[in-house]
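Each remark here refers to the structure printed beneath this line.
The values are calculated or read from the model by the stated rules, or taken from the named source; none is laboratory data. Just so it is clear, the model here is predicted, and its values are computed rather than measured. Every residue, glycine as well, gets a Cβ built from its backbone with ideal geometry; the counts of neighbours run over all protein chains shown.
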Amino acid sequence: MTHAPAPQAIASFPDQFVWGVATSAFQIEGAADTDGKGRSIWDDFCKQPGAIADASDGLRACDHYHRWQDDLDLIDRLGVDAYRFSVSWPRVRPGGDGAWNEKGLDFYERMVDGLLARGIKPYLTLNHWDLPSELQAKGGWTDRDTVHRFVEYAQGIDRRLGSRVASIVTHNEPWVIAVLGYEQGIFAPGIKSRAAAMQASHHLLLSHGLALQALRAQGCKAPLGIVLNLSPVQSATDSEEDKAQTRLEDGKLLRWYMDPLFKGSYPVDVIAYLGADAPRMQAGDLDAIRTPMDFMGVNYYSRAVVSAKGPWDTTQGGLPLTDMGWEIYPEGLTELLVRMHTDYPVPPLYVTENGGAFKDVLQDGQVHDADRTDYIARHIAAVGEAMRQGVRMGGYMVWSLLDNFEWASGYEKRFGIVHVDYATQKRTLKDSAMWYAAMLNARSGHRSHSAATRTTL
Ligand code: IFM
């Protein structure tokens, strides 16, 4: 069942609003051992028995490393303004330190030039989770030295690509890295320690701030920012216990990141709750973290509901669910964006990821993913509503361009607007991709180069 609006639905968005699609290196590139690439913590994590639902890995993924030109043509056919991708740190600097890998750098250089040649803005993310294994052996994000290695990595990428990309994001979703990777251990590097997670989160934020300073000091002109995964956090009931727990969970998910980035302090209630697990800091760290950003990205998928009794069962919420079991709640995106705008002095905001996993059926070369189209359309409308309420929005990116390696879920969950047959690597545009392209092509001031002017795919 779809309520997807007609393509003209975005007529009210400003001409300069950036429409895009997003991916990340480990999830699509494959070529894990090719052309001098080093190992990442996700290469290692996939080898742990039981870590990945379908026991898969990123060795081949979507083989994007070899098919990038065709994939760029595909992006071009969609008529988007921007493509958000990440650089694999171990591909360009295999040990995280020491020698750079020219072949790896060349790959991203060719890709950036290929995007520019097609009139598509490259939105580059430095860290979408695939930390070089050698750095993990020294403690990974719990080791303060990793902060300085990251700053060097950022500087190296800027020297090579900074003048050609439309923006640079330092980290994608530091909460996921810290909490799922270091506290719950269900993502790489698979550590289970709250103290480690909080130290990792502090080092991620510190490295973000120091990288911004170092990039600007070397003359980087690209707009700089970070991407957080955020949700409105709602109480399951009106009980005092649930409301108190909700306040704390909001602190751990949202204020733990937004407060230091914009206010220069960690929330006192969360620090008190953490006790001895609170991160160790040095003088000047909080000032560095608050370094002003040019823009900020938000990845939004669902709300978070909190009960003091234990984990919330999403089937109890009365909302439709995606194939991840996540509640579909577009109004939460408006609520979140308005709250960020109201509570913090934020720069222009981008929705840097939004989309849904659904059980797709490929039949006769078609995928009728009306649920996904509906999901995307309703979230775009939610962005429009946030703008109407005064939030400065810069753009919206669909997650994801391609079906890909969905981390601990392996290849079982499909987020793409383009279907990937992993056996043949054939790409098929789903109905959602055609809807998105039709919407973009219906814009008055749409991207004025070759393929974007096509009215059919
Ligand atoms: O696939 C991920 C992505 O890598 C980060 N944000 C959430 C997506 C869906 O789980």
>> Quick check on this structure: which one of ALA166, ALA197, ALA154, ALA178 is touching an Asp or Glu at 6+ places or on another chain (Cβ under 7 Å), over 16 Å from LEU261 (Cα atoms) and among the small types (Gly, Ala, Ser)?
In response: ALA197
> With (1) touching a helix residue (DSSP H, G or I) at 6+ places or on another chain (Cβ under 8 Å); (2) farther than 30 Å from ALA53 by Cα; (3) in a helix (DSSP H, G or I) as the list, and THR291 as the residue in question, which single condition is left unmet?
Replying inline: (3)
>> Pairs please, first residue from region 347-373 and surrounded by fewer than 24 Cβ atoms within 10 Å (Cβ to Cβ), second anywhere and polar (S, T, N, Q) and modelled with pLDDT under 95, Cβ atoms under 9 Å, 6+ apart in sequence or on different chains.
In response: ALA370/THR2; ASP371/THR2
> SER12 fails exactly one of the following numbered conditions: (1) out of contact with any Cys (no Cβ under 9 Å at 6 or more places or on another chain); (2) more than 16 Å from the ligand (Cβ to nearest atom); (3) part of a helix (DSSP H, G or I). What is the number of that condition?
Replying inline: (3)
>> With the requirement that a residue be within 19 Å of GLN199 (Cα to Cα) and in contact (Cβ under 8 Å) with a residue 40 or more places away in the chain, what does region 228-249 give you?
In response: LEU228, ASN229, GLU249
>> I'd like the full set of residues that are within 16 Å of the ligand (Cβ to nearest atom) and either surrounded by fewer than 24 Cβ atoms within 10 Å (Cβ to Cβ) or of a type outside the set (Phe, Trp, Tyr) (or both), limited to region 20-34.
In response: GLY20, VAL21, ALA22, THR23, SER24, ALA25, GLN27, ILE28, GLU29, GLY30
> So, of the residues in region 69-119 that are under 30 Å from VAL147 (Cα atoms) and acidic (Asp, Glu), which turns out to be surrounded by the most Cβ atoms within 10 Å (Cβ to Cβ)?
Replying inline: ASP97
> If you take just the strands (runs of 3 or more DSSP E) that sit entirely in region 135-236, which of them hold at least 2 residues that are within 16 Å of the ligand (Cβ to nearest atom)?
Replying inline: 167-172, 224-229
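Listed residues THR334, THR291, THR314; which is within 15 Å of the ligand (Cβ to nearest atom) and either under 23 Å from PRO260 (Cβ atoms) or not acidic (Asp, Glu) (or both)?
When all the criteria are applied, what remains is THR314.
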> Could we say that GLY355 is assigned to a loop (DSSP other than H, G, I, E, B), within 25 Å of GLN16 (Cβ to Cβ), within 14 Å of the ligand (Cβ to nearest atom) and touching a strand residue (DSSP E or B) at 6+ places or on another chain (Cβ under 7 Å) here?
Replying inline: yes
>> Being crowded, with 24+ Cβ neighbours inside 10 Å and either without any contact (Cβ under 8 Å) to a residue 60 or more places away in the chain or within 21 Å of PRO223 (Cα to Cα) (or both) is the requirement here; does VAL176 meet it?
In response: no
>> Among (1) away from the ligand (no atom under 16 Å from the Cβ); (2) touching a helix residue (DSSP H, G or I) at 6+ places or on another chain (Cβ under 6 Å); (3) not in a helix (DSSP H, G or I), there is one condition GLY325 misses while meeting the rest; what is its number?
In response: (1)
> Which of the residues belonging to region 294-311 are among the hydrophobic types (A, V, I, L, M, F, W, C) and within 16 Å of the ligand (Cβ to nearest atom)?
Replying inline: MET296, VAL298, ALA304
> Of everything in region 395-441 that's of a type in the set (Ser, Thr, Tyr) and in a loop (DSSP other than H, G, I, E, B), which residue is farthest from the ligand (Cβ to nearest atom)?
Replying inline: THR424
